[in-house]
1. Quick one: which residue in Thr46, Thr8, Thr68 is hydroxyl-bearing (Ser, Thr, Tyr), modelled with pLDDT of 85 or more, exposed (fewer than 15 other Cβ atoms within 10 Å of the Cβ) and part of a helix (DSSP H, G or I)?
2. Mind listing just one residue for me: the one in segment 423-451 that is assigned to a loop (DSSP other than H, G, I, E, B) and at pLDDT 90 or above and, of those, nearest to the chain's Cα centre (by Cα)?
3. Select from segment 330-365 the residues that are open to solvent by less than 10 Å² (accessible area, probe 1.4 Å), modelled with pLDDT of 90 or more, assigned to a helix (DSSP H, G or I) and within 30 Å of Asn233 (Cα to Cα) and list them in ascending order.
4. If you take the residues in segment 279-302 that are buried (at least 18 other Cβ atoms within 10 Å of the Cβ) and either in contact with a Leu (Cβ under 7 Å, 6 or more places away or on another chain) or modelled with pLDDT of 50 or more (or both), which one is nearest to Asn388 (Cα to Cα)?
5. Consider segment 316-342. How many of its residues are out of contact with any strand residue (DSSP E or B) (no Cβ under 6 Å at 6 or more places or on another chain) and under 27 Å from Pro389 (Cβ atoms)?
6. Evaluate the following for Val91: is it touching a residue at least 60 places away in the same chain (Cβ under 8 Å) and open to solvent by 30 Å² or more (accessible area, probe 1.4 Å)?
7. Scan segment 144-168 residue by residue and report those that are open to solvent by 40 Å² or more (accessible area, probe 1.4 Å), more than 17 Å from the chain's Cα centre (by Cα) and under 16 Å from Met216 (Cα atoms).
8. Given segment 186-277, what helices (runs of 4 or more DSSP H) lie entirely inside it while holding 3 or more residues that are at pLDDT 85 or above, open to solvent by 10 Å² or more (accessible area, probe 1.4 Å) and under 14 Å from Ala111 (Cα atoms)?
Amino acid sequence: MELSVLETLVRVAWVAGAVAFVIGLIRMNSPATARNGNLLSAGGMTVAIVATAVFLALERGGEAFNVTGWIIVIAGIALGGGLGLYTARTVKMTAMPQLVSLFNAVGGGAAALIAIDDYLHLSATSTLPTLQVNVATVLDIVIGSVTFTGSLIASGKLMGLRITPSRPVKIPGGQLVTAALALIVVAGAAFLWIPNLSVPVMLLILAAALVFGVTMTLPIGGADMPVVISLLNSFTGTAVAMAGFVLDNPVLIIAGALVGASGAILTKLMADAMNRSVINIMVGGFGGGEGTVGSVGGAGHSVRELGMDDAAIQLAYASSVIVVPGYGLAVAQAQHALRELAELLEARGVDVKYAIHPVAGRMPGHMNVLLAEANVPYPQLREMEEINPEFDRADVALVVGANDVTNPAARKPGSPVSGMPILDVDHARAIIVIKRSMGRGYAGIDNELYGNPKTGMLFADAKAGLTELVSAVKAL
């Protein structure tokens, strides 16, 4: 087979893989088709990998790739694919955001390594790259490196590691340090783009970008992690697209551009959902860390504790119940118990819906994925703009582990969450909050909802509390 024919077929396969990415991304727009969209995208990547392997095997009779190279490639696919499959199947839903951050780090780091390797090969042969390749190489190194360290810090914050606490960590002279690192990167890039070929300058840019990822992410509080994860995901896609320009690989360019663009759009939507700009979030300093014990729920009211039987009666004899899931539901792995309670109420003629806030949980779509795992019907999941008008007509709002996204303090000036769009839970006729304690959310402030006279606090682990509620409703 002639090389030109082979290369044509390979490029056709790459384009087919890219088309699968596009269609898969479109299908991910709906929970009902998201699983198939994900499988279609994975199939597209498989086609691209196989086509590349065939090209390497047949190019110039296989001389372009020796036995050692094939061993490394096969071992890398087996190790990476096996580890990815294992972690994806065994990860708990509470740890999914951390895993996404780690995958972002791996993607960004891999893209940066492609550019570094290509630059070292050019340096060894004293070959000046074209301007297109030179620009893409430097951008790939910078964006990939920032994504790598930034995602590792974000993952550590979500894990609550001692070295990366969820609260904002102020670096002495942090803004000056970050500005200096940015200046180093810009100056180094300009030097290489003149053009010049210098491995020490490339390594200086690499080091500055790696540190920049740390200084950028450490000052950001845990409350902003959903937005940060989305932003770093966009960075990963952009770095992959730059790697595609370095290798002249259209499938990497298309796939990276899709991830980068969709991640950027999602980041903007997430920031809007918090009524803050992306720049404001990246400056950091918001979020006091989760778990601080608050006093009472605001407005001068005392907290009213609710008994299990009373809560069961309110739910069982309601006409309309809106469930508000939050991170506490994920922590307790209580989604199946929640679905059982909802089905029990529906059997009694109760209209049950779920209110999904865009930043509930610790990553975009966290609650959607959690409830889908429990086979909650997709039509019952309602986004914030759609469900908010219905709280006025709801008999009971059942809040399970959600905190900041239900805090009426967001409607008042002077609060850390001022202006943040919230779910209008306090508009319901009665409110039941299942919570382990009076602990604060990631914003580090008391939730005024808990002091509302309509609110009854059911202090329990979400799974245990919902299980008891199921038994109590069955006993009625």
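1. Thr46
2. Leu423
3. Answer for segment 330-365, where residues must be open to solvent by less than 10 Å² (accessible area, probe 1.4 Å), modelled with pLDDT of 90 or more, assigned to a helix (DSSP H, G or I) and within 30 Å of Asn233 (Cα to Cα): just Gln335.
4. Ranking the candidates gives Gly297 first.
5. 11
6. No; evaluated as a whole, the condition is false for this residue.
7. Those that are open to solvent by 40 Å² or more (accessible area, probe 1.4 Å), more than 17 Å from the chain's Cα centre (by Cα) and under 16 Å from Met216 (Cα atoms): Ile163, Arg167.
8. 225-247, 250-273
The values are calculated or read from the model by the stated rules, or taken from the named source; none is laboratory data. Quick caveat, the model's predicted, so the values are computed rather than measured. No Cβ is skipped: glycine too gets one built from the backbone with ideal geometry, and neighbour counts run over all protein chains shown. Note: areas computed on protein heavy atoms with side chains; ligands, DNA, RNA excluded. Shrake-Rupley method; radii C 1.70, N 1.55, O 1.52, S 1.80 Å.
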